[in-house]
1. Listed residues I229, I205; which is part of a helix (DSSP H, G or I), crowded, with 19+ Cβ neighbours inside 10 Å and touching a Pro at 6+ places or on another chain (Cβ under 8 Å)?
2. Among A6, A10, A32, which is under 17 Å from the mean Cα position of the chain (by Cα), within 20 Å of P287 (Cα to Cα) and touching a residue at least 40 places away in the same chain (Cβ under 8 Å)?
3. For the stretch 150-170, which residues satisfy the criterion of being on the phi > 0 side of the Ramachandran plot and either of a type in the set (A, V, I, L, M, F, W, C) or in contact with a helix residue (DSSP H, G or I) (Cβ under 9 Å, 6 or more places away or on another chain) (or both)?
4. Go through the stretch 82-108 and give me each residue that's crowded, with 17+ Cβ neighbours inside 10 Å and of a type in the set (A, V, I, L, M, F, W, C).
5. Here is a check on your reading of the model: is T225 assigned by TED's automatic domain parsing to the domain that holds D43, at negative phi and of a type outside the set (D, E, K, R)?
6. So which strands (runs of 3 or more DSSP E) stay within the stretch 60-112 end to end and still have 1 or more residues that are hydroxyl-bearing (S, T, Y)?
7. Taking the stretch 285-329 as the region of interest, how many residues are of a type in the set (A, V, I, L, M), part of a loop (DSSP other than H, G, I, E, B) and under 16 Å from L221 (Cβ atoms)?
8. Residues to consider are T54, T48; find the one that is touching a residue at least 24 places away in the same chain (Cβ under 8 Å), of a type in the set (S, T, N, Q) and either in the same structural domain as I13 (by TED's automatic domain parsing) or surrounded by fewer than 18 Cβ atoms within 10 Å (Cβ to Cβ) (or both).
Amino acid sequence: MIKRIAIVGAGAIGGYMGARLALAGADVTLIARGAHLAAIQRDGLVVTYADGHTEVAHPTLATDDMAAAGPQDAVIVAVKTQALPALAAAMRVLYTPDTTVIFAQNGIPWWYFLGHPGPYAGHRIESVDPGGQIASAIEFERVIGCVVYPAAAIDSPGVIRHIEGNRFTLGEPDGSRSERILELAQLFSAAGMKAPVRPDIRSEIWIKLWGNLSINPISALTRATVDRIIADPATRDLLRAMMGEAQQVAEALGVQFPISIERRITMAEVIGAHKTSMLQDIEAGKPTEADALVGAVAELGRLVGVPTPHIDAIYASVKLLEQVVTAGS
């Protein structure tokens, strides 16, 4: 039974999830750091919504010390993908033999080929798990996939602005409707979040990734918000080209897309004049999720023999940009 829940990475998305769960009465520990953590400890975690109303959540514990949190029934990992390899071993202090770990992260997950039914079963994706650091620290049996659809941002320390959406699609890597995933979905639902359980979580990952692998790096390179990227004919064509390459890669891995590229672009339009998380990271001089969102798709293209020239070019450009801005920070 899931009673104690830790959120590792209580930033915009992790903080929103943790706040919703805490407000619903769950025993929630938020793992955060710096000024954001200090503000949560002092004033609680504030969530503001598009309609103007505000809620303040007071977790059971907010800390930067995972050992102080103690063993948990469920751990929601919401750190940026590039931070996970360095954290994976440290997170073991949160586990009991039965602890479930939910990966609420963008991009191709480190566990993608573990339990995979195809010819690449067990293959490690270097872009997201360099040297196998994550796989060596987290047992695959703990894993539940989670596709994050909401948009949110940290407006100031301790204050999260919820922009749009409340759906977190869940899935067991083996496609089963396990007791633990149904309980988790019920907890999310009770906290006001949509949590559909899907039998093919990998296809759900690709549908979300379709937009992220194209819109996010283009936004970082151009400094444009989502609405402008989609409205501009040239960048919209670039989106289509990158998404088309990604679709060929995914289909070579057995993924089926239930919607068209145009439909996926239309879905992204509802976000409006929003700065993507990758653009926010570039502006802050921080590393980005380019490896999981773009580099991993290029790596998978090489694995299955599908050329990805547009993806390769954008990946090279955004990685160089990342090096420039992080060197100057």
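The values are calculated or read from the model by the stated rules, or taken from the named source; none is laboratory data. Since we're looking at a predicted model, the values are computed, not measured. As a convention, Cβ positions derive from the backbone with ideal geometry for all residues, glycine included, and neighbour counts pool all protein chains shown.
1. Sole residue among the options that is part of a helix (DSSP H, G or I), crowded, with 19+ Cβ neighbours inside 10 Å and touching a Pro at 6+ places or on another chain (Cβ under 8 Å): I205.
2. On the way: A6 fails: within 20 Å of P287 (Cα to Cα); A32 fails: touching a residue at least 40 places away in the same chain (Cβ under 8 Å).
Only one candidate passes the filter, namely A10.
3. Passing the criteria: only G158.
4. L84, L87, A88, M91, L94, V101, I102, F103, A104, I108
5. no
6. 61-63, 100-104
7. Residues flagged as of a type in the set (A, V, I, L, M), part of a loop (DSSP other than H, G, I, E, B) and under 16 Å from L221 (Cβ atoms) within the stretch 285-329 amount to 0.
8. Values: T54 fails: touching a residue at least 24 places away in the same chain (Cβ under 8 Å).
T48 is the lone residue from the list that is touching a residue at least 24 places away in the same chain (Cβ under 8 Å), of a type in the set (S, T, N, Q) and either in the same structural domain as I13 (by TED's automatic domain parsing) or surrounded by fewer than 18 Cβ atoms within 10 Å (Cβ to Cβ) (or both).
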